[in-house]
Structure formats: structure tokens, C-alpha cells
Amino acid sequence: MNASDGHDVAQPPSGHGNRPPAASARAVSLRRFLLLGILLPVGLLVTINTFSLYNQTFGALNTAYDRTLLASAKSIGEQLEVTGYDGQSALRVTVPYAALEAFEADNQSRLFYRVSSLQGELVSGFAQLPFWRGTIPAKPPYAALVDFYDDAFMGEPVRVAVLLQPVASPQGRGMAVIQVAETLELRQALARKILIDTLWRQALLVAVIALVAVVVVQRATQPVRRLSARLQARTEGDLTPIAAPDAPRELLPLVDATNAVMARLQHLLDNQKRFVRDAAHQLRTPLAVLKVQVQSALRGDIDAHGALLEINQTVDRATVLANQMLALAKVEQLRQQSGPRGDQPSTTPADLTDLAEVARTVALDLSPLIAARDIDFAIETGPAPILSHDWMLAELTRNLLHNAIRHTPPGGALTVRIVHDTRYVAMTVSDSGPGISAELAARLFQPFSAGSVRSGSGLGLAICREITSALGGTISLDNRVAHGRVTGLDATVRLPLAPAAQARGSGMVQNGA
């Protein structure tokens, strides 16, 4: 593992990337997290297991050596003699060398013994060895009256075995208390040796686990490093989708989400570039015309009043064009704020807006234009709640009505009809104009594709399409035909009904059924 293994993969080189230093300091290394998450529990488990094994080993050693202590006590008990009975008995013992031989052979442990009566009177052995005052366990570990305990003798810890040995002979009967104490050097030395051997094996096991964990984590994070290297190698502005065919299954959601974000960014950049290009192209013409008109007025080619009228018309057209372009950009901005799906209403603050009320307000604002052309105007509305910005609905309605007014002949009919079912609101603006051709209908929703270059900028219907798309709706233009001839154009917008209104509508349909 090289020196970089303890850091996050894909650190941007100096001079690139915009991640603040504080964020870098707080970033968590995936490899470090995985290694710590694997090795810390393993190390803790191995440590607990080592000490548990040591305690079990020491207990097994005590059991083995306790058996030897008991054997020595029994060897001493076999040499007991008694005269007299019970409380009047007198004990004698001759301790054979064989009883102590097993402990003297290792040259480490030392053995002490004491033989006493039940009353604690010393018969033989070391008088300094404290007399046993305990009790025999209810279930002793051996088939004998024996007890084992830890004590101290002459300032050293000892392990003591106590054997209550009945003694009987033709001359008497009695009970002897035989204590055999052993120092712990041999037990401790053997336990330390076992502990050291165990630690070496456990350390080797931890090293093997650590090596395997490092290799596995290194291989598991390799796709992340490769993906990071590919992203770092990209040029600025490269937002093409990430191709990661070798990415593990767990990384695929991240790759897909990244590709979705990059697609939205690419779409946003494309729109910005298109907006700048279109703005430069479309505003250049009225500005050039305005300059020519001003120069013509300065030279005196036309009178001042006529020049001001022409300049005013040019400024009005440029103002309308600029406002429509800004409206189109604002709709696109709201679409970008709508989240991963562009077909849903924006997640920016939106209110429950009544399309019918908006349509009536816009119609009232445009009433001077309607009256100037002596148009027979009618509006039929009902409640039409939509979750949307009121600005978007007003801009949508204004553009549709303005187009319909412009194409309706003087004295013609213009109708706005708003209805809804359980899911959608449909607003239809019907004029009595000449309609549109199939070739024009195919491109009329594209920016700057006006039916007549003298009657508009070609942005109104493009704005309408962007607004309906951002709200999850549709828009269509259909010629109205009667008796084999076109009698007008129907512009129909379908928008999703507000969720609460949809629920009420579904309930009404079910109740009616």
C-alpha cells in the first residue's frame, strides 16, 4: 500500500476543482473507513479471544497441577497411623520422598505440606503454613474430601490442596487434615509461554486478515479510482455521459445520477448558448434599423415627427422582443429548478392558481386590443386549480390571446373555453382566422419561427410550449374545419389538475358510478 492509500481517491490536482479546504479536511476516505471497519472489530475480537484463551489455559493448568497436588496429599495420607479413637486419637506420619518428587524435578516450584488434626494440632510439616478454615464443596471435583484455594505463604502466592483423610487401624480411628501448598513459578512460566505462543499466532492471524482486507479493499475501490481518473482527464466543458461498463453494481446508481446531473448541466449550457446567440442575432436587426433611422433624422431626410414615429415603432418591437426573450429564459430557469424530471412542476415556491381567474384577468388587460378590432369576444370558464406560478399561467394565456387577436379579422369571433376532467384542465383559444398550413404547424413552436415576419418575433408560441412542458402539460394547434373549409384555429393547452382537485374529482366520479 503506497503513501496515498490513506487519502481520498481522486483528489483534484492543484489549480483545479472548487472544493473548499474545510470540505477536504472533513472528507472521509472510503478505503480508510473500510479498513478500520474491518480491522478494528477483528482486532478487538482477537484481543478478547486471546485473554479468554489465556484464562482458559490457566484454568486447565490449575486443574492439571491440582490433580498432582491431590496425588501428593493422598501419598502422604497413605502413610498415616493412628492410635485412639475420634477425639482421643493421636496421629503419626512418615512423609515419603516420592510424595515430593514430582515437584522437585522441575527445579522451579517448591512444595510445602502440613498434616494436622481436625482441631488444627500440627502432626507434621510446616507449622507456618496457615491451617485450613474452609469447607469442603458440596460437589468436589474429585471422589475425595478435597478443597483447592489460593493463599500466601512466606510472602509468596501458593496454590493449596486440602484433603480430609480418614485414618483407621486396629489401634484406633481418626481424621487427618493434609495440606499441600505449591508455589506458582511453574504454572506462571507455562502460562506465559502459552500466552506468548498464542499472541504470536493471533498476531500472524491479524496480519493475514489485514493483508487480505487491504488487497480486497484496494481492488474494491479500484473502479472508483479509475472513474475518478477519467473525470479528471476530461477537458473543461466535457459533459458527455460517463461510460463505466466495469463499475460494480453498487456504483451504478451513482454513475446514473452523475450522468443525469451532467445531462441537465449540458442542457442548461446549451440553452444559455442558444439564448446568447439568438439574442445577439435578433437584437442586432432592430438596433441597426434604429441607428439608420436616427442617422436619417439627423441628416434631415424626413421630418422630426415622422422620424420619432418610426423610432418609436422600432423601440416597441425591440422591447417586445427583449421581453419575450427574457420570458423564455425565465421559463427555462424554472424548468431547471424542477429537479431530475423536467416534466413536473417546478419545486420552487408555487401556489394553487386558478387558470380561469388568470384568463379573465389577462383578457381584461387585452380588452383594448379586442375592442380596437371590434372582435366578438366570449369566455367560458369554470374553476381550474393548477399548481403553478401565476406568472407562468399569465404569460401562457397572454401569448395565446395576443396571437389569436392578431390573426382574427376585424369583426370576427374569438372564444376562450376552460374545462377540466378528473386529471387535466383544458384551455382552448379559438380564433376565426385563416388557420395554419401543415408545413407551418411543424415549425411554429420553434423560437423565431413566426408565421409572418412583420407580425411578430416568433417567440410567443415557443414560450407557450416551454411553459406547458415545464408544467407537465401539452399544447396543440388544430385548424377548425366546417363545410370543407377552414373557419379558424384552435390552440388547446392541457395542464395537470392540482393534486387535491384530482382527488376530489376522482371521488366525484366514483360516487357518480
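The values are calculated or read from the model by the stated rules, or taken from the named source; none is laboratory data. Note that this is a predicted model, so its numbers are computed, not measured. Don't worry about glycine lacking a Cβ; one is built from the backbone with ideal geometry, like all the others, and counts go over all protein chains shown.
For this structure, a couple of remarks:
- From the options Val208, Val180, residue that is in contact with a Phe, Trp or Tyr (Cβ under 9 Å, 6 or more places away or on another chain) and modelled with pLDDT of 80 or more: Val180
- Residue count for the range 49-97, restricted to those that are touching a helix residue (DSSP H, G or I) at 6+ places or on another chain (Cβ under 6 Å) and not hydroxyl-bearing (Ser, Thr, Tyr): 5
- Of residues in the range 235-257 being over 30 Å from Leu40 (Cβ atoms) and in a helix (DSSP H, G or I), the one nearest to the chain's Cα centre (by Cα): Ala257
- Put simply, of Thr353, Thr347 the only residue that is over 30 Å from Thr487 (Cα atoms), modelled with pLDDT under 90 and in contact with a strand residue (DSSP E or B) (Cβ under 7 Å, 6 or more places away or on another chain) is Thr353.
- Of the residues in the range 164-187, at least one is under 21 Å from Gln56 (Cα atoms) and part of a strand (DSSP E or B).
Yes or no, residue by residue, for (1) touching a residue at least 60 places away in the same chain (Cβ under 8 Å); (2) surrounded by 18 or more Cβ atoms within 10 Å (Cβ to Cβ); (3) under 30 Å from Pro41 (Cβ atoms):
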{"site": "Asp151", "(1), (2), (3)": "no, no, no"}
{"site": "Ser169", "(1), (2), (3)": "yes, no, no"}
{"site": "Gln188", "(1), (2), (3)": "no, no, no"}
{"site": "Ile194", "(1), (2), (3)": "yes, no, yes"}
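- Test: Gln232 is under 20 Å from Ile38 (Cα atoms), over 20 Å from the mean Cα position of the chain (by Cα), of a type in the set (S, T, N, Q) and part of a helix (DSSP H, G or I): no
- Among residues of the range 348-383 being polar (S, T, N, Q) and assigned to a loop (DSSP other than H, G, I, E, B), the one that is farthest from the chain's Cα centre (by Cα) is Thr381.
- The residues in the range 273-304 that are in contact with an Asp or Glu (Cβ under 9 Å, 6 or more places away or on another chain), farther than 13 Å from Val315 by Cα, modelled with pLDDT of 75 or more and part of a helix (DSSP H, G or I) can be counted, and the count is 3.
- Val255 surrounded by 12 or more Cβ atoms within 10 Å (Cβ to Cβ) and within 30 Å of Gly84 (Cβ to Cβ): no
- Cross-chain or 6+ apart pairs with Cβ under 8 Å, the range 363-374 first and under 16 Å from Gly412 (Cβ atoms) and of a type in the set (Val, Ile, Thr), then surrounded by 11 or more Cβ atoms within 10 Å (Cβ to Cβ) and modelled with pLDDT of 85 or more: Ile370/Ala363; Ile370/Phe377; Ile370/Ile405; Ile370/Leu414
- Segments classed as strands (runs of 3 or more DSSP E), wholly inside the range 52-157, with at least 3 members that are modelled with pLDDT of 80 or more, closer than 17 Å to Arg187 by Cβ and assigned by TED's automatic domain parsing to the domain that holds Leu199: 146-153
- Selection of strands (runs of 3 or more DSSP E) fully inside the range 384-450 by the criterion of at least 3 residues being closer than 21 Å to Ser469 by Cβ returns 385-388, 424-430.
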